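The values are calculated or read from the model by the stated rules, or taken from the named source; none is laboratory data. Worth saying up front: this structure is predicted, and the values here are computed from it rather than measured. Neighbour counts are summed over all protein chains in view; Cβ atoms, including those assigned to glycine, are modelled from backbone coordinates with ideal geometry. What goes into the accessible areas is simple: the full protein's heavy atoms, side chains included, and nothing from ligands, DNA or RNA. Shrake-Rupley method; radii C 1.70, N 1.55, O 1.52, S 1.80 Å.
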Number of protein chains: 2
Amino acid sequence: MSTTESAADNGVNVAALLDARNALSEAPEAAEFTWRATNEWLRGTHSKTTIQQYSGLGADHEHKSVFSYTADHPEVFASEDLAPTPVEFLLVGLASCLTAGVAAVAQNRGIQLRSVESKVEGKMDIRGILGIDADVRNGYDDIKVTFKIDADASKKEIEALVAQSQKRSAVYDVITNPVNVTVEVV
Amino acid sequence: MSTTESAADNGVNVAALLDARNALSEAPEAAEFTWRATNEWLRGTHSKTTIQQYSGLGADHEHKSVFSYTADHPEVFASEDLAPTPVEFLLVGLASCLTAGVAAVAQNRGIQLRSVESKVEGKMDIRGILGIDADVRNGYDDIKVTFKIDADASKKEIEALVAQSQKRSAVYDVITNPVNVTVEVV
């Protein structure tokens, strides 16, 4: 791939990703991943979620570290604000997914990034979760992501990086399209 | 509310939430919240997202603390696995939102919780994000949440707690239904 021979180094191993693409084209069953989390209630609206194990490429894997995150509700919801609200973790996922994509696409296109910053704003009418109005949804009405990127590229090339990242973003897809979720009690 | 006069104490101030519901029924503009995050690219697929400020009840607010989370891709994606993947943060949001809801609904129904545990599994075919097959979506195909709850209640009452939490969950709504997301470059 001539586009990967440039001097640009954003720290993404695009050659390995292209190899993976070739390998998985021949072995689609290896492309089935399962990501996992476990949650434990602490008290009130405060809980702890732990991430370590996932499956893919036909095997089970563990992250190098065990990652734990607490979530809570804020004081304006009469809670203790010991951690971010659950809906804010969706913004973490969205911003970090789009940014990783920008870095990977820039690498593939031979564009050196100097800085990538973004802000995400999600609007939500809490009359939904409070059960005030059945016509108001529980979740975000609208989310806006704004990127500010300094790179060795034109404005048009930078916009194209972001557009391609968005096109291949797993989190963007989950938020903008329906996903089937099953909730069970054992 | 006679249902809040029980001895059950799950640490959720249901009386305040019911007051908020009454107050916001009369002042819908105060129910408009904006949740925010900012992200900074570090290197490769590694980035840091920070959460502090949000708006609602007609004012700007700050969380008691500044919360920062790094995300990365795993070694099987030829990355450094310095943090969870962005899609795993969606599972953090989903588990913690449903669990907070279970605690709040249980409090409102006078049910004492002893423990609430859950596991979340999200299936994803990575041929989507790798651009191998245009018919494969980028995000999760399917997410399964399994709760195990020890409470002073029957199995049927516990299932009803989870069902009501799901019905009012902001994150469950965002994942199961489409949200409009706009991405811009400035």
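Regarding residue A:120, is this residue at the interface with another protein chain (Cβ under 7 Å from one of its Cβ atoms) and at pLDDT below 95? Walk me through it before giving the result.
Details: at the interface with another protein chain (Cβ under 7 Å from one of its Cβ atoms): yes; at pLDDT below 95: no.
The answer is no for residue A:120.
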Any idea which of B:34, B:50 is surrounded by fewer than 19 Cβ atoms within 10 Å (Cβ to Cβ), within 7 Å of chain A (Cβ to nearest Cβ) and either of a type in the set (Asp, Glu) or within 19 Å of residue A:147 (Cβ to Cβ) (or both)? B:34
Those residues that are among the β-branched types (Val, Ile, Thr) and either farther than 23 Å from residue B:91 by Cβ or open to solvent by 10 Å² or more (accessible area, probe 1.4 Å) (or both), I need them from region A:127-180; list them, please. A:129, A:132, A:136, A:146, A:149, A:158, A:162, A:176
Within region A:60-76, restricting attention to residues that are touching a Ser or Thr at 6+ places or on another chain (Cβ under 8 Å) and more than 7 Å from chain B (Cβ to nearest Cβ), which residue is least open to solvent (accessible area, probe 1.4 Å)? A:72
Any chance you could count how many residues in region B:103-117 are over 13 Å from residue B:158 (Cβ atoms) and either facing chain A (nearest Cβ under 7 Å) or assigned to a helix (DSSP H, G or I) (or both)? 3
Would you confirm whether or not region A:84-100 contains a residue that is free of Cβ contacts under 8 Å to residues at least 40 places away in the same chain, more than 17 Å from the chain's Cα centre (by Cα), farther than 28 Å from residue B:21 by Cβ and buried (at least 21 other Cβ atoms within 10 Å of the Cβ)? no
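Determine which member of the set B:114, B:21, B:109 is among the charged types (D, E, K, R), under 16 Å from residue A:128 (Cα atoms) and open to solvent by 10 Å² or more (accessible area, probe 1.4 Å).
B:21
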Any residue that is more than 7 Å from chain A (Cβ to nearest Cβ) and either in a strand (DSSP E or B) or out of contact with any Phe, Trp or Tyr (no Cβ under 8 Å at 6 or more places or on another chain) (or both) - is there at least one of those in region B:95-102? yes
Condition (residue is within 7 Å of another protein chain (Cβ to nearest Cβ) and more than 14 Å from the chain's Cα centre (by Cα)) applied to region B:150-159: is it met by at least one residue? yes
Only residues that are among the aliphatic types (A, V, I, L, M) and within 30 Å of residue A:107 (Cα to Cα): list them for region B:24-47, please. B:37, B:42
